[in-house]
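Q: Below you'll find the structure I mean.
The values are calculated or read from the model by the stated rules, or taken from the named source; none is laboratory data. Computed from a predicted model, the values in this text were never measured in an experiment. Positions of Cβ are backbone-derived with ideal geometry, glycine not excepted, and every protein chain shown enters the neighbour counts. Calculation scope for accessible area: heavy atoms of the full protein, side chains included, ligands and nucleic acids excluded. Shrake-Rupley method; radii C 1.70, N 1.55, O 1.52, S 1.80 Å.
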Amino acid sequence: RQAAVAHVVYSPDVRRPVEVTADQEDQLVKWLSKRLGTPVSRPRLGVIGFELIGGRLLPGNSGPVAQFMYHDASGQRLTLYVTTENTTNRDTGFRFAQEGPVNVFYWIDGKFGYALSAGIAKSELARVATAVYDQLEYK
């Protein structure tokens, strides 16, 4: 739910949807990694039509959360919410939720919890979530 709310709050913003823009990607990833206390990475989604806009730090229930924002050629935005909170659940399967007009796929992978949010069809979001998961999977 928090990921969907953050998506709704920040994705419509035309002038300042992110704190750190994609042209400062290295600094963004280092900053978010430092604040979350563990290395984070951002998936590259260009091959499926979504480019990084940038990211921001958000408050979670008990600490910081990272949000990466992407957009496609039509301007459709999606956000990836990354947390180290509430990851004691070991059920790693994709879960789906809908919060108003926002569809969300969320899952646990290692010490991270992920939530991918967008106002796109469930099938399209599932395709993007699979691409994200494939890049972030720890081998």
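Q: Just wondering, is there one or more residues in segment 54-68 that are open to solvent by 40 Å² or more (accessible area, probe 1.4 Å) and in contact with a Ser or Thr (Cβ under 7 Å, 6 or more places away or on another chain)?
A: Within segment 54-68 (the criterion being open to solvent by 40 Å² or more (accessible area, probe 1.4 Å) and in contact with a Ser or Thr (Cβ under 7 Å, 6 or more places away or on another chain)), the answer is no, since none of the residues qualifies.
Q: Would you point out the residue of segment 80-139, among those that are of a type in the set (Lys, Arg) and modelled with pLDDT of 95 or more, that is nearest to Pro39 (Cα to Cα)?
A: Arg127
Q: Next up: Does Arg77 qualify as being of a type in the set (Lys, Arg), at pLDDT below 95 and surrounded by 12 or more Cβ atoms within 10 Å (Cβ to Cβ)? Before the answer, list the steps.
A: Numbers: of a type in the set (Lys, Arg): yes; at pLDDT below 95: no; surrounded by 12 or more Cβ atoms within 10 Å (Cβ to Cβ): yes.
In short, no.
Q: For segment 21-48, which residues satisfy the criterion of being loosely packed, with under 14 Cβ neighbours inside 10 Å, closer than 18 Å to Leu78 by Cβ and of a type outside the set (Val, Ile, Thr)?
A: Ser41, Gly46
Q: In segment 7-46, how many are of a type in the set (A, V, I, L, M, F, W, C) and in contact with a Leu (Cβ under 8 Å, 6 or more places away or on another chain)?
A: Going through segment 7-46 one residue at a time, the tally reaches 6.
Q: Mind checking which residues of segment 101-139 are open to solvent by 30 Å² or more (accessible area, probe 1.4 Å), closer than 25 Å to Ser62 by Cβ and in a helix (DSSP H, G or I)?
A: Tyr133 - this is the single residue of segment 101-139 that is open to solvent by 30 Å² or more (accessible area, probe 1.4 Å), closer than 25 Å to Ser62 by Cβ and in a helix (DSSP H, G or I).
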